[in-house]
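Notes follow the structure.
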Amino acid sequence: MIVITGATGNVGRPLVEALAAAGEQVTAVSRGVSGAAVPEGVRHRQADLAVPESLRPVFDGADALFLHDSGAGAHLLSPRDILDVAKAGGVGRIVLLSSQGVVTRPQSSSHGGTGLSFEDAVRRSGMDWTVLRPGGFDSNAYAWVESVRARRTVAAPFGDVGLPIVDPFDIAEVAAAALREDGHAGQVYELTGPALSTPRQRAEAIGDALGEPIRFIEQTRDEARAQMLQFMPEPVVETTLAILGEPNPAEQRISPDVEQVLGRAPRTFAEWAARNIAAFK
């Protein structure tokens, strides 16, 4: 049995679907998961990574675990506590969804610090482990849904700065391979898209998928900061703006790892937009 934490998220949901379609026995776990959120035949359990007793029945009889480091380290058990409960339940293989920020922004507690503690705990767990380090997600474009629907506009800072953002479905497929197949133990996969993608290009791709032009409005750094502070802590905002506006070479590197694992090139942002365009109509 494979346990998937964060099962209703941008990566967890397609991962659950992929494993179920492959005939695996899956337990989908999140704080708010319900039967309506998972494919037929998938066991669903509500559990909280901050409450050890809620995890014990989830891991009982499991042999593999997808652990999503949500970045909310202050609200979780220590990584070692989570892994001890998993190991006691029978888990012998773990795939950790970490972050590129672990290596590109290790000094940042919001982007690198929590991930480092999780990665270290996984490496020391005694289980077969694989670490996934994606950068930015294509699905971050959902933040533009309201403005695209209402005004056919996209507002973002640093309109011509490119990052190799990745489709969450590609992350999910790499995770599924690492959970199901041998040969991935001890590997760290950096997951990116196939090319650098700028906010202006992403707005154009959404417009192409809609069949209508989207007007791109370039925000100043201060405008973007004020908007982001409405829903993100200040340290996270500052680090995020630094990545978006002045990415370092490692953050702009296009990794071969998706293609290495899956035998095909990563999906483009245009493919993500076409698949999810109903959200923007």
Notebook entry, point to check: So is R105 closer than 24 Å to V237 by Cα, of a type in the set (D, E, K, R) and modelled with pLDDT under 90 or not?
Noted result: yes
Item checked: Matching residues, the stretch 188-217, being more than 25 Å from the chain's Cα centre (by Cα) and either within 25 Å of G101 (Cβ to Cβ) or among the small types (G, A, S) (or both) -> G211
Next item on the list: Those residues that are within 22 Å of the chain's Cα centre (by Cα) and touching a residue at least 40 places away in the same chain (Cβ under 8 Å), I need them from the stretch 137-156; list them, please.
Entry: F137, D138, S139, A141, Y142, W144, V145, A156
Next item on the list: Go through the residues of the stretch 67-79 one by one and say whether even a single one is under 19 Å from A172 (Cβ atoms) and at pLDDT 80 or above.
Entry: yes
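Could you say whether any residue in the stretch 153-167 is in a helix (DSSP H, G or I), open to solvent by less than 10 Å² (accessible area, probe 1.4 Å) and within 27 Å of E238 (Cα to Cα)? Please lay out each step first, then the result.
Pass one, the stretch 153-167, residues in a helix (DSSP H, G or I): none.
Scanning the stretch 153-167 turns up no residue that is in a helix (DSSP H, G or I), open to solvent by less than 10 Å² (accessible area, probe 1.4 Å) and within 27 Å of E238 (Cα to Cα).
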Next item on the list: Would you be able to tell me the number of residues in the stretch 168-197 that are open to solvent by 10 Å² or more (accessible area, probe 1.4 Å), farther than 30 Å from M1 by Cβ and of a type outside the set (S, T, N, Q)?
Entry: 3
Note to self: Which of the numbered conditions does A18 fail, given that it passes all the others? Conditions: (1) of a type in the set (A, V, I, L, M); (2) modelled with pLDDT of 95 or more; (3) touching an Asp or Glu at 6+ places or on another chain (Cβ under 7 Å); (4) within 27 Å of D120 (Cβ to Cβ).
What the structure shows: (4)
Item checked: Count of residues meeting criterion [in contact with a Ser or Thr (Cβ under 8 Å, 6 or more places away or on another chain), assigned to a strand (DSSP E or B) and open to solvent by less than 30 Å² (accessible area, probe 1.4 Å)] in the stretch 13-62 -> 3
Check: Would you pick out the residues in the stretch 234-281 that are over 25 Å from R152 (Cβ atoms) and outside any helix (DSSP H, G or I)?
Finding: E246, P247, N248, R253, I254, S255, P256, G263, R264, A265, P266
Next item on the list: Within the stretch 136-152, count every residue that is surrounded by 14 or more Cβ atoms within 10 Å (Cβ to Cβ) and either in contact with a Gly (Cβ under 6 Å, 6 or more places away or on another chain) or of a type in the set (D, E) (or both).
Entry: 1
Check: Consider T104 against the criteria (1) open to solvent by 10 Å² or more (accessible area, probe 1.4 Å); (2) under 25 Å from I2 (Cβ atoms): it satisfies all of them except one. Which criterion is unmet?
Finding: (2)
Notebook entry, point to check: Which residue pairs have Cβ atoms closer than 7 Å, lie 6 or more positions apart in sequence or on different chains, and pair a first residue in the stretch 267-279 that is under 14 Å from A143 (Cβ atoms) with a second residue that is open to solvent by 60 Å² or more (accessible area, probe 1.4 Å) and in a helix (DSSP H, G or I)?
Noted result: A279/Y142
Check: Quick one: how many residues across the stretch 254-281 are open to solvent by 60 Å² or more (accessible area, probe 1.4 Å) and within 24 Å of E190 (Cα to Cα)?
Finding: 8
Next item on the list: Residues being part of a helix (DSSP H, G or I) and surrounded by 19 or more Cβ atoms within 10 Å (Cβ to Cβ): count how many of those fall in the stretch 210-225.
Entry: 1
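The values are calculated or read from the model by the stated rules, or taken from the named source; none is laboratory data. As the structure is a prediction and not an experimental result, all values here were calculated from the model. Virtual Cβ from ideal backbone geometry, glycine too; neighbours counted across all protein chains shown. These accessible areas exclude ligands, DNA and RNA; they are computed on the full protein's heavy atoms, side chains included. Shrake-Rupley method; radii C 1.70, N 1.55, O 1.52, S 1.80 Å.
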